[in-house]
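Notes for the one structure printed next.
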Protein chains: 2
Amino acid sequence: MVTQLPEEYRQAPFDETCAPRRLLRLFSGKWTTMILHTLHLMGGGSRPGQLLRNIPGLSKKMMTQTLRELEQLELVEREVRQVMPPKVEYRLTKLGEVFIEPIEMLYTWGTLHEAELSQVAAASKALSRSALS
Amino acid sequence: MVTQLPEEYRQAPFDETCAPRRLLRLFSGKWTTMILHTLHLMGGGSRPGQLLRNIPGLSKKMMTQTLRELEQLELVEREVRQVMPPKVEYRLTKLGEVFIEPIEMLYTWGTLHEAELSQVAAASKALSRSALS
DNA sequence: CTGCATCCTGGGCGATACTG
DNA sequence: CAGTATCGCCCAGGATGCAG
């Protein structure tokens with residue numbers, strides 16, 4: 001029974017530019033996945049105010065900032081309607097929709113495993129409590 | 001064709017403590033998932049030096065720091081063997097193994113979608129290039 | 001309503017050097 | 001080899017205020 005492969009046979013290490021790492025970096029922003037997820041969830045175009053209301057804790061600044069980044073990466077499109085008051089809609093691009101898949105995977109996994117997540121939370125709580133003594 | 005539900009009928013927003021967000025926070029550390037993944041990949045116990053060598057860019061400090069956090073969350077166990085030179089092994093706990101699943105999902109998804117990840121990279125590159133002008 | 005500019009703070013993360 | 005301590009940077013990200 002091989003519990004551990006010898007050094008020489010172990011698979012090559014991740015390099016910085018490997019796919020998993022690039023994905024991680026893409027999702028590293030605090031609000032990135034939540035914004036993509038919400039855009040997807042609401043279907044069609046979403047207005048900034050709606051996004052803001054649907055993502056508690058998100059500030060206007062971080063929203064627009066994140067949306068700009070996603071625009072530049074061509075994961076999100078912005079549609080402006082020049083009227084008063086201004087009407088703006090954001091929607092996922094075709095490329096953007098691709099990345100919905102891993103996000104939904106993560107989110108639903110989380111939802112299905114609340115129990116384990118609570119165990120982790122409990123552990124961290126126990127820790128901070130003992131730290132107070 | 002309903003492209004967008006009226007405000008009142010839209011599903012309640014994520015609150016801060018919902019499962020998806022907790023999962024995101026758990027994985028928010030730059031090295032967290034990579035360390036868990038590598039521990040899993042190597043099977044059985046892993047020695048710090050091995051981890052370090054298998055995760056390019058990881059510094060000794062960030063490794064131990066992340067491992068300590070994971071220990072506190074009870075996702076990782078540390079086994080010390082008091083000899084010279086010191087022998088230490090880290091291994092996933094039962095709870096830790098649970099979280100391997102979403103990590104592997106993410107990583108393999110990334111691997112299967114290198115093409116799209118490259119498109120994103122291309123978009124960001126095009127951006128920084130035009131910014132130079 | 002939407003969006004930008006500004007200012008500021010915390011802490012994540014890295015580099016380095018030192019112990020056993 | 002494994003781990004710690006220190007220093008300091010940088011920037012993500014929050015608060016506020018102004019403009020169209």
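The values are calculated or read from the model by the stated rules, or taken from the named source; none is laboratory data. If you're wondering where the values come from, they're calculated on a predicted model, not measured in any experiment. Cβ: placed from backbone, ideal geometry, glycine included. Neighbour counts: every protein chain shown. Side chains are part of the model used for accessible areas, which takes the heavy atoms of the whole protein and leaves out ligands, DNA and RNA. Shrake-Rupley method; radii C 1.70, N 1.55, O 1.52, S 1.80 Å.
Rounded to whole Å, give me the distance from the Cα center of region B:26-62 to that of region A:46-120. After rounding, the separation between the Cα centres reads 30 Å.
Provide a whole-number value for the mean count of partner chain Cβ atoms within 10 Å of the Cβ atoms in peptide A:23-33. Write out the running numbers ahead of the final one.
Numbers: counts 10, 10, 4, 5, 5, 3, 0, 4, 1, 1, 3.
The mean count of partner-chain Cβ atoms within 10 Å per residue comes to 4.
Using a Förster distance of 45 angstrom, determine the FRET efficiency expected from the C-beta separation of B:Thr108 and A:Arg81, and round it to 0.05.
0.65
For peptide B:113-122, what's the mean number of Cβ atoms from other chains within 10 Å of each residue's Cβ? Mean partner shielding for this stretch: 6. Other protein chain C-beta atoms within 10 Å of residue C-beta, averaged over A:83-92: 0.
If you roll a 1.4 Å probe over the heavy atoms of the protein chains, what accessible area per residue do you get for region A:1-92, in Å²? It would help to have the intermediate numbers written out before the result.
Details: 5280 Å² over 92 residues.
In whole numbers, region A:1-92 has 57 Å² accessible per residue.
Only aspartates and glutamates eight or more places from A:Lys60 in sequence, or on another chain, were considered; those with a Cα closer than 20 Å are A:Glu69, A:Glu71, A:Glu77, A:Glu79, A:Glu89, B:Glu7, B:Asp15, B:Glu16.
If R₀ is 41 angstrom, what is the calculated FRET efficiency for the pair A:Lys94 and B:Lys61, using the beta carbon separation as r and rounding to 0.05? Working from the Cβ atoms, E equals 0.45. In region A:1-92, carbon and sulfur make up what percent of the accessible area (probe 1.4 Å)? Taking all protein chains in place, region A:1-92 shows 54 percent carbon and sulfur surface. Chain B contacts chain A over a buried accessible area of about 5200 Å², both sides summed; the probe is 1.4 Å and only protein chains count. Among the listed pairs A:Lys61/B:Lys61; A:Lys30/B:Lys61; A:Lys87/B:Lys30, those with a Cα-Cα distance over 26 Å are A:Lys61/B:Lys61; A:Lys87/B:Lys30.
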